[in-house]
Amino acid sequence: MKIAFIGLGNMGSGMSANLARAGHDVAAFDISEDALAHAVQAGCRRAASTAEAVVDAEVVITMLPTGKHVAAVFAADVFGKAPLSALLIDCSTIDVATAQAVQADAAARGMVMIDAPVSGGISGANNATLTFMVGGSDDGFDRARPILEKMGKTVVHAGGSGAGQTAKICNNMLLGATMVATCEAFAMARRLGLDLQTFYDISSVSSGQSWSMTTHCPVPGVGPNSPANNDYQGGFATGLMLKDLKLAMEAAQSVNAAVPMGATAESLFQVFANGGNAGRDFSAIIKMLDPDRPKPGS
Ligand code: NAD
């Protein structure tokens, strides 16, 4: 199948490489020459522009930073350039309103488009273990599924246009709030004199358990290996957590949803990111919530 892949960054590089590895003809484009060269090395075909990549594509996939990038790329270089029969899949995490507006533009031209944001991070992208949350028509979902399955292990049809983005931001709002709560609990346990590995052993199999605790435990040396053990490098960057929380707050406002926990998480991650921590794993926020924590080993 001829696939155009636009946006070859942290996520798109692994995803496009997996499609090429699966035998698809992947025409790749990124405004970064380094990213493009990397994709070509991984088996993709070099395109000189988005317009060139999509010209004979059966499927167009985008993995771009924000809604503004997605709207601009589709308006300038996909609509009117890609064949009307091409299936359009946006995998970026963007605001629901933009996802729906771009899909409405596509539909007005007689094209099928879905939103298919992902969970699973860079390792999921590299190892083809992503979860895809799809918004759009049954037809779009059925056509996209075999392609998405080459890049992930779970593909769920969340509902109509924008439902994939809705699922993603609701999930990530919950993630942000559980991380803050997990850090608070470890900080309080420490101040009350409880051994933190003991607390983990109890809480990770009790009702306080969460993905934040068992996969990204914020305390170095406690629980399974996590970014905390590597000075909070790698993992899920605070800047991306903040981006998703901001999208969640925008969406909450648009439907008048009460999200006090999400709002608190957003303001805490904003303060933490402003302190020069946007590139650290989001579990590093424990440093702000429990500032006089002893260094590991001391
Ligand atoms: P990234 O910044 O590493 O990659 C984005 C790429 O898009 C860059 O290489 C950039 O050069 C390229 N780009 C920007 N404008 C372009 C244009 N006009 N034409 C072509 N290429 C263009 O970001 P990422 O980490 O790969 O994330 C991509 C999306 O996936 C984001 O929406 C992010 O929120 C989401 N996401 C990221 C993660 C993660 O762990 N990194 C996890 C889940 C979802």
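Values for this structure:
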{"quantity": "Among (1) touching a Ser or Thr at 6+ places or on another chain (Cβ under 8 Å); (2) open to solvent by less than 40 Å² (accessible area, probe 1.4 Å); (3) in a helix (DSSP H, G or I), the one test that Ala28 misses", "calculated": "(3)"}
{"quantity": "Members of the range 241-255 that are within 14 Å of the ligand (Cβ to nearest atom) and either outside any helix (DSSP H, G or I) or in contact with a Cys (Cβ under 6 Å, 6 or more places away or on another chain) (or both)", "calculated": "none"}
{"quantity": "Index of the failed condition, Gly14 passing every other in (1) within 11 Å of the ligand (Cβ to nearest atom); (2) touching a Lys or Arg at 6+ places or on another chain (Cβ under 8 Å)", "calculated": "(2)"}
{"quantity": "Evaluation of Ala104 against (1) open to solvent by less than 30 Å² (accessible area, probe 1.4 Å); (2) of a type outside the set (Phe, Trp, Tyr); (3) in contact (Cβ under 8 Å) with a residue 40 or more places away in the chain (one fails), failing number", "calculated": "(1)"}
{"quantity": "Any chance Asn225 is at pLDDT below 95, assigned to a loop (DSSP other than H, G, I, E, B) and more than 16 Å from the ligand (Cβ to nearest atom)", "calculated": "yes"}
{"quantity": "Pair list, Cβ under 7 Å, 6 or more apart: the range 67-87 residue assigned to a loop (DSSP other than H, G, I, E, B), other residue within 11 Å of the ligand (Cβ to nearest atom)", "calculated": "Lys81/Ala51"}
{"quantity": "Residue check, Ile6 of a type in the set (A, V, I, L, M), within 18 Å of Val134 (Cα to Cα) and either buried (at least 17 other Cβ atoms within 10 Å of the Cβ) or touching a strand residue (DSSP E or B) at 6+ places or on another chain (Cβ under 6 Å) (or both)", "calculated": "no"}
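The values are calculated or read from the model by the stated rules, or taken from the named source; none is laboratory data. Quantities reported herein were computed from a predicted structural model and do not represent experimental measurements. Cβ sites come from the backbone with ideal geometry, for glycine too, and all protein chains shown count toward neighbours. Accessible surface is based on the protein model in full, side chains and every heavy atom, while ligands, DNA and RNA are left aside. Shrake-Rupley method; radii C 1.70, N 1.55, O 1.52, S 1.80 Å.
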